[in-house]
Amino acid sequence: MYNDNPTLDHLVKTIDPMRQGEVLDFPGHQEKGNGKLFYIESFGCQMNFSDSEIVAAVLHGAGYRSTRNMEEADLILVNTCSIREKAEDTVRKRLYIYNKVKSSKPGTLIGVLGCMAERMKKNLLEEEKLVDLVVGPDAYRDMPKLLESAEDGHRAINVQLSREETYADISPVRLDSNGVAAFISIMRGCDNMCSFCVVPFTRGRERSRDPFSIVAEARDLFDTGYREITLLGQNVDSYHWKNPETGEEVNFAQLLRMCADVNPDLRVRFSTSHPKDMTDEVLYAMAEKENICNYIHLPIQSGSNRILELMRRGYTREWYMGRIHAIRRIIPECAISSDIIAGFCTETEADHQETLDIIRQAQYSMSYMFYYSERPNTYAQRNLKDDVSLEIKKRRLSEIIALQNSISRQLNQSDIGKTYKVLIEGDSKKSAEDFKGRNSQNKMIIFPKNPGLKPGDYVYVEVLDATSATLKGRITQNPQS
Ligand code: SAH
Ligand code: SF4
Ligand code: F3S
């Protein structure tokens, strides 16, 4: 999900919109093109990948077509992440590479989109002189106009944040899609102001998207063959929509049910849940609807109450464990994953031990693990001291990773002998003889192909073997035959 952490290589994903040198014409976007090609890379969270699909739709409307070959592009775009310093360093390195390409093809425009554009604003145009176009996350509709002015050699920048923009009416152009699973943004921004986090500054105020546009998008995806949607928001539990005319209200649990009712064969996932806001109503919706997957990403960040308070997370470890027990009680088969930060300001060895302890208690199927990276203008940067040395941060992080890996391995091994319903996503990375797919718990399972089966089909797979990252199995029964 986040691609600046070398320990998480297997989770890294960068959008490559197309195969080398190929130009895609997207269905439903056949209006005349202007002959220009764009190339886009995305870094950061799933929200950014989803936003790149909005950008692709806007550019398509303006006559651009997408290419996977950077060298032939008229417009090179990078959708950026500011969450940790390393994420921004990665983007800077990419900007030098784009500029090399540009030097052999003058006239090529380079654009920075997303969170780093929002954070750095005109500094990106002025100080770094590596870019022609800077567009923040709420300004993608303005891209055709900005491109015109950049083509005329003017500075093109729009980093205005909005209280309303949800891009509800824009039908995303699916990039690098397996045709089976897609993201749907249900809200934007974040109002939580966790003290370490840059997102409220780069993404602005929280706002929820019209639920009927979400359901329409889900239905559309199902009709074109998709079998899984992931509803995206920084804090999905605070999803709240109110019809300004009728006063009708929809909360997250209700939205989940509406999406699940699109079709029993459409799996519904969501991310990210917030421990302070996750309700039992959501858990009951999950327990009741078979197609709402039994998987919750519920980031703890730290196991120490003192650190949680400094992080301004709005819960204690006792509250958090109460939520874990509610999940286990209402959805016994549910897998839970987490985000963890090592070495936050003033973290002591005792605080760190509490983090290790809660990881043991919560029994996460997996976690995204980071060491603290101070971000400009956050509460922590302004008011707290980043006083844990890099060496200690790294050591604590490696202890957290080692513990999580051993728990993941144990939990996966306890799946051996069980049979799961698996949605086939495509060929396994290692062998075209095998399929890969996920069970409801979001665990990846590799298994030998059966003739007649294809991505998007459901199969029952018995688990025969397991590592800390994947399960291996064999098909026991094909529910569609
Ligand atoms: N909205 C989600 C998280 C979005 S950011 C939530 O509240 O859970 C994804 C993860 O990046 C966070 O959960 C946190 O673990 C990590 N993160 C955010 N800011 C960070 C920082 N300054 N240093 C290190 N990790 C950070
Ligand atoms: Fe950042 Fe906290 Fe909002 Fe998550 S909930 S995006 S960590 S401020
Ligand atoms: Fe990064 Fe922005 Fe997402 S900072 S994690 S791309 S919301």
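A few points about this structure:
- Protein accessible area in the chain, 1.4 Å probe - carbon and sulfur %: 49
- Note: region 195-305, Cα convex hull, 131 Å³ per residue.
- Within the chain, the longest run free of GluC sites (Glu not before Pro) that sit in a DSSP loop with at most 14 other Cβ atoms within 10 Å is 334-432.
- In this simple spin-label approximation, Arg382 and Lys93 carry label points 7 Å from Cα along the Cα→Cβ vector, and these lie 3.3 nm apart.
- Three semi-axes of the equivalent ellipsoid, region 419-476, Cα gyration tensor, whole Å, largest first: 15, 12, 10
- When Lys454, Lys393, Lys436 are compared by accessible surface with a 1.4 Å probe, the order from highest to lowest is Lys454, Lys436, Lys393.
- In terms of packing, defined here as the mean over residues of other Cβ atoms within 10 angstrom, the peptides 261-268, 77-84 line up highest first as 77-84, 261-268.
- Accessible area (Å², per residue) of region 177-293, counting only protein heavy atoms and a probe of 1.4 Å: 36
- Cα convex hull, region 222-269: 96 Å³ per residue, rounded to a whole number.
- Here the simple spin-label model places points 7 Å from the Cα toward Cβ, and for Glu148 and Met193 these points are separated by 4.0 nm.
- Viscosity 0.890 mPa s, temperature 25 °C, Stokes-Einstein D of the chain from Kirkwood C-alpha radius, µm²/s: 105
- Helical content alone sets the calculated 222 nm signal of the chain at -10000 deg cm²/dmol, taking -39,500 (n - 2.57) per DSSP H segment of four or more residues and averaging over every residue.
- In this rough spin-label picture, where each label sits 7 Å from Cα along the Cβ direction, the Glu288-Thr224 distance is 3.1 nm.
- Paired Rg and Dmax values of region 32-118, which use every Cα atom, in angstrom: 12.9, 41
- Measuring nothing but alpha carbons in region 363-454 and taking Rh as the Kirkwood radius, the Rg to Rh ratio lands at 1.18.
- Any cysteine of the chain lacking a neighbouring Cys Cβ under 4.7 Å - listed by number: Cys45, Cys81, Cys115, Cys190, Cys259, Cys293, Cys334, Cys345
- Convex hull volume of the Cα atoms of region 113-268, normalised per residue: 138 Å³.
- The residues of region 297-414 present an accessible area of 41 Å² per residue when probed at 1.4 Å with all protein chains retained.
The values are calculated or read from the model by the stated rules, or taken from the named source; none is laboratory data. For clarity, every value in this text was computed on a predicted model and none was experimentally measured. Positions of Cβ are backbone-derived with ideal geometry, glycine not excepted, and every protein chain shown enters the neighbour counts. Calculation scope for accessible area: heavy atoms of the full protein, side chains included, ligands and nucleic acids excluded. Shrake-Rupley method; radii C 1.70, N 1.55, O 1.52, S 1.80 Å.
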